[in-house]
Amino acid sequence: MIQTVNLQKLFSTEEVETTALNGINMEVRDGEFVAIMGPSGCGKSTLLNILGLLDNPSEGEYNFYGTAVARMTERQRAQLRKGSIGFVFQSFNLIDELTVYENVELPLLYLKTPADERKKRVEETLERMSIMHRRNHFPQQLSGGQQQRTAIARAVVAKPKLILADEPTGNLDSKNGEEVMKLLGELNDEGTTIIMVTHSPYDAGFAHRIVNLFDGKVVTENFHV
Amino acid sequence: MIRNYLKIAVRSLLKHKLYSSINVFGLALGMACSLLIGLWVRDELSYDRFWPDAERICYVRVNFTNPNDPSADIGTNFVTPGPLQEAIAKDIPEVAATLKLDYGPEYLIKVGDKTAKEQGHFATDDFFGVFNLPVIAGNPAAALKQPNQIVITRKVAEKFFPNGEALGQKLQLNNDKYYVVGAVVEDVPHNSTLQFGWLVNWNVQAQDWMKTWGNSSFRTYVRLKPNTTLAQAEAAMSSIYPRHAGKNFETGRPTLQSITDLHLYSEYKNGKSVGGRIEYVRVFGLVALFILLIACVNFMNLATARSATRAKEVGVRKVVGALRSSLAGQFLSESMLTSLLAITLSLGLVWLALPSFNAVSGTTLTLDLTDPILWLIVLGLAIITGVLSGSYPAFFLSSLQPIKILKGRFQVGAGPALFRRVLVVFQFSLSVFLIVGMLAVGKQMDYLRSKHLGLDRENVLYWPIEGFSDTKQYEAFQREVVRLPSVGSATTAGSLPIDVRGSSGDLRWPGKDPRQDHQVFAMFVGSDFARTMNIKMVDGRDFQTSSPADSSNYVINEATARMMNMNNPVGKEVQFWMGKGRIVGVMKDFHMQSLHETIKPLILCFNYLNTSYLLVKTRPGQTQQAIADLEKLSKAYNPNYPFNFHFLDEEYEKLYRAEQQVDTLINYFGVLAILISCLGLFGLAAFTAEQRNKEIGVRKVLGASVGSIVTLLSKDFLKLVLIALVLAAPLAWWTLTKWLDSFAYKTDLSWWIFGMAGGLALLIAFLTVSYQSIKAALTNPVTSLRSE
């Protein structure tokens, strides 16, 4: 379970101070699929980054599966992040110099998974995402849908407890977007917790719960059945 | 994991071909320079270290103080009088062996029909007690004691006795005496200050004048006993001059220098070694380091500049679990890979450049790939370069924040931009420094070449006088030479008038303080010496054959007149090697040694039997004719000897061989340093243009001209070059002033050298940058704005 208490995030430059998050209290149970919605600039992505241990809050508490992480150093967060969180981005963020196979393999390399185990897991995951036939291609040789499926494969290959998706269908046409959402739904059905930022009400429909943000605050929470 | 790093590294090298080639090629050039210089430095430092117990072998010099003025500088003679070696052998128990050598003449060796000139020495008995060379045949120590035997080296043995035993065979030296080969020894390595092809017993050529303390002409070496220090031996030797040399020379103090220092520390000032060739070793060591740094700077600059393109990868890796340390490791291993690629390429470059480098620097360096030390150097260089050039990019790239990058908010910050500027300034400071060096060294070399020495060195031929069976034959020959229509005049001399070596304390004149040692350079000459060399006579006349009294008369230069404190020396009586005689002429001071030296007192004795060179001044425009005529004449008189003539101005150039090498090398390395710097600047400009693509587009839409955009993009770089100029100029001025101080006669460091260096650096930088700037300025703004 993850839980935040009164999360605050301030961004300050020399002249302007912006409050991106202003007292977020939120709880996500294991196996939940939560969508975060709201207009541009409401703090969705900032929240996702903090939840994903990529950033620290300015104030407040964050309990990540029983560990208080709000004051952790970058190094400690990186250790914790490794293997327990998978990320999916709008712009895929694949490494251009690596093939599909190598991109997916990367998290396992950092986890020091033995080679034969690695091979097995990567191949399983590629099969599952239906991109096995593209394993030796480079990202720029793939369609957007294939790239995002590769990115999802990379996010799940280490079997993380939590997947964070930041507008995963934002760069895709509707057919490919549909496929990606179905994949995320299936992963959730198998027990993976998913938190997804999205602008699309359709995509949000795949979630159990929608958290609406406005000006850095939670305004409403809608529950699906 | 490493495989993953390497994969990325290789692929990103291949993907960005321009940057990769700038990186690899720039580094390879830098490394090749460093390697070449490294090989050279290693060779220079290895001189005379191969002798067994080299640190116990010492070269003997003699310090003289002025008894009337103890505060005056101590003078140091690098050659010693003949009796010194015997006195040391007899008196000094600290010394295990002593050796005296002559200057090392080139003699004609003849075996059957085969003749060739070989350099060798007349040496005292204990040569091999001092210099222990491996024996190939015979007993060299015993052979050297025999007046009718000769010791030769392997090379000479193989040349004259190609199919068989040299031992016991006879050979003829200088068409004169025959010697039996008593022993063959191993060749002396090239990195030895002592070089010879043959050795003959000292006594064979010993003459009476060699037994006096007043004539310093010989090289003395000693081998110390084990556990004896130089200082102990010097202290023991301090009583030798007072005890043996007589009251004219009692201030002489032998001073020892370990033979391992002889090559690099041969300059003495006030009785102490003050350096010498080591300065050049240091300078070029620094140049090597500079060039390597310049190449590393390119790598660092391009890597941080291109961090935007690598940033996404850093972000992704961090998100999927990379720690900062593993990213730093990744980027370091990338720079290692580049460095290894570069060093491989540089080995090829060194291999290609080595023959020309050897020709320029007068060395015989080789790239011996079986030499483990070479590999150690090569690997060390690769690792140092990899770490040096990769550490900042690794540090910087691994510190990037993943969220900023992945959300597209990434901008290369001010930190690395400043760092890059500092590096460019550093790079161009070094380049400006080298350009100033090139110009100043070149100017001094021009000065040396064009300086009027007070004598003519153009159209003067000379060759050694040798092989005449008697004086009559030689006199007849000389008469014929002078009679040739292509010859203006001719004379003979004991040494070349541009490089007079032997000095003596034997000159006496009325009013001389007997306690004070006055050293005067001395030379035997024939008639018409001043006329042939076109030396101006201030007073009196040249020696003339028609004046029989001249055989005990003397000609001096102005410096000698000053030393003797004589206003009108002509007609005054002095005493020197030819006994009591009169001064018949005073020559205007001329440069009789390299321009490192001031003009010293000189005295000429008229005795052409003691001379070694025939000097001929040809008539203007008839040099070729003169050579042909002289060759015919020489063949007729002297059929056994090849006609081996040289030009005096060539010999003059040789006096500055070290400087000449520095001049050429600094030109090469300076150009390379600038080339490498420009490679980096080119890459950086390409990157800046790329980065400011959108800005340029907007400016063009708003009406900016191509010219204004080129200015905009070039201005920043040129500012950096200007700063570099300001920083480098004082440093260059200081260094070169020091270098010029080693010359007694020198050019000045004019302001135009600095102006020209600055102008050149700016121009080169501008040309480098402008290609990219113009390209960017000419791009249609639509293309750069559409991508937004």
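The values are calculated or read from the model by the stated rules, or taken from the named source; none is laboratory data. Since this is a predicted model, take the numbers as computed values, not measurements. Cβ atoms come from the backbone with ideal geometry, glycine included; neighbour counts cover every protein chain shown.
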Open item on the list: Name the residue that is nearest to A:N49 (Cα to Cα), counting only residues in the stretch A:158-214 that are assigned to a helix (DSSP H, G or I), among the acidic types (D, E) and in contact (Cβ under 8 Å) with a residue 24 or more places away in the chain.
Closed with: A:D203
Open item on the list: Where the second residue is outside any helix (DSSP H, G or I) and the first is within 9 Å of chain A (Cβ to nearest Cβ) and lies in the stretch B:1-28, which pairs have Cβ atoms under 6 Å and are six or more apart or on separate chains?
Closed with: B:I8/A:E97; B:R11/A:E97; B:S12/A:E97
- [ ] For the stretch A:1-55, name all the residues that are at positive phi, out of contact with any Lys or Arg (no Cβ under 9 Å at 6 or more places or on another chain) and touching a residue at least 12 places away in the same chain (Cβ under 8 Å).
- [x] A:N6, A:G31
TODO: Tally the residues that are among the aromatic types (F, W, Y) and within 27 Å of B:I465 (Cβ to Cβ), restricting the search to the stretch B:146-176.
DONE: 1
Open item on the list: Being assigned to a helix (DSSP H, G or I), within 18 Å of the chain's Cα centre (by Cα) and over 19 Å from B:F128 (Cα atoms) is the requirement here; does B:V281 meet it?
Closed with: yes
- [ ] Of the numbered conditions (1) under 17 Å from B:I8 (Cα atoms); (2) facing another protein chain (nearest Cβ under 10 Å), A:K112 fails exactly one; give the number of that condition.
- [x] (1)
Task: Options A:S84, A:S45: the member that is closer than 22 Å to B:K312 by Cα, at pLDDT below 90, in contact with a Pro (Cβ under 9 Å, 6 or more places away or on another chain) and within 11 Å of chain B (Cβ to nearest Cβ) - done: A:S84
- [ ] Return a yes/no flag: does the stretch B:190-202 have any residue that is of a type in the set (S, T, Y) and in contact with a Ser or Thr (Cβ under 6 Å, 6 or more places away or on another chain).
- [x] no
Task: Hits in the stretch B:94-114 - residues which are out of contact with any Phe, Trp or Tyr (no Cβ under 8 Å at 6 or more places or on another chain) and in a strand (DSSP E or B) - done: B:V95, B:A96, B:A97, B:E106, B:K110
TODO: Tell me, please, whether a residue that is modelled with pLDDT of 90 or more, crowded, with 20+ Cβ neighbours inside 10 Å and not in a loop (DSSP other than H, G, I, E, B) can be found in the stretch B:42-51.
DONE: no
Task: In the stretch B:697-718, the residues that are over 11 Å from B:I774 (Cα atoms) and assigned to a helix (DSSP H, G or I) - done: B:G697, B:V698, B:R699, B:K700, B:V701, B:K715, B:D716, B:F717, B:L718
Task: Selection status of B:V297, under 16 Å from B:F396 (Cα atoms), more than 14 Å from every other protein chain (Cβ to nearest Cβ) and of a type in the set (V, I, T) - done: yes
Open item on the list: Go through the stretch A:138-177 and report how many residues are in contact with an Asp or Glu (Cβ under 9 Å, 6 or more places away or on another chain) and more than 22 Å from A:R121 (Cα to Cα).
Closed with: 7
TODO: Go through (1) outside any strand (DSSP E or B); (2) more than 14 Å from chain B (Cβ to nearest Cβ) and name the single condition A:N93 misses.
DONE: (2)
TODO: Determine which member of the set B:G197, B:G276, B:G214, B:G182 is surrounded by 18 or more Cβ atoms within 10 Å (Cβ to Cβ), of a type in the set (G, A, S) and touching a His at 6+ places or on another chain (Cβ under 9 Å).
DONE: B:G276
TODO: Sort out which residues of the stretch A:131-147 are within 14 Å of chain B (Cβ to nearest Cβ) and either out of contact with any Leu (no Cβ under 8 Å at 6 or more places or on another chain) or buried (at least 23 other Cβ atoms within 10 Å of the Cβ) (or both), and write them in order of number.
DONE: A:N136, A:H137, A:Q140, A:Q141, A:Q147
Task: Of all residues making up the stretch A:3-32, the number that are more than 12 Å from A:K217 (Cα to Cα) and crowded, with 22+ Cβ neighbours inside 10 Å - done: 1
Open item on the list: So for the stretch B:584-607 (the condition being under 17 Å from B:Y554 (Cβ atoms), among the β-branched types (V, I, T), under 33 Å from the mean Cα position of the chain (by Cα) and outside any strand (DSSP E or B)), does at least one residue qualify?
Closed with: no
TODO: Filter the stretch B:318-340 for residues that are buried (at least 23 other Cβ atoms within 10 Å of the Cβ) and of a type in the set (K, R) and give the result.
DONE: B:K318
Task: Residues located in the stretch B:178-206, provided they are modelled with pLDDT of 90 or more and part of a loop (DSSP other than H, G, I, E, B) - done: B:E186, B:D187, B:V188, B:P189, B:H190, B:N191, B:S192, B:T193, B:L194, B:Q195, B:F196, B:G197
Task: Residue, farthest from the other protein chains (Cβ to nearest Cβ), within the stretch A:54-81, restricted to residues that are of a type in the set (S, T, N, Q) and not in a loop (DSSP other than H, G, I, E, B) - done: A:N63
- [ ] All but one of (1) among the charged types (D, E, K, R); (2) within 14 Å of another protein chain (Cβ to nearest Cβ); (3) free of Cβ contacts under 8 Å to residues at least 60 places away in the same chain hold for A:E117, so report the exception by its number.
- [x] (2)
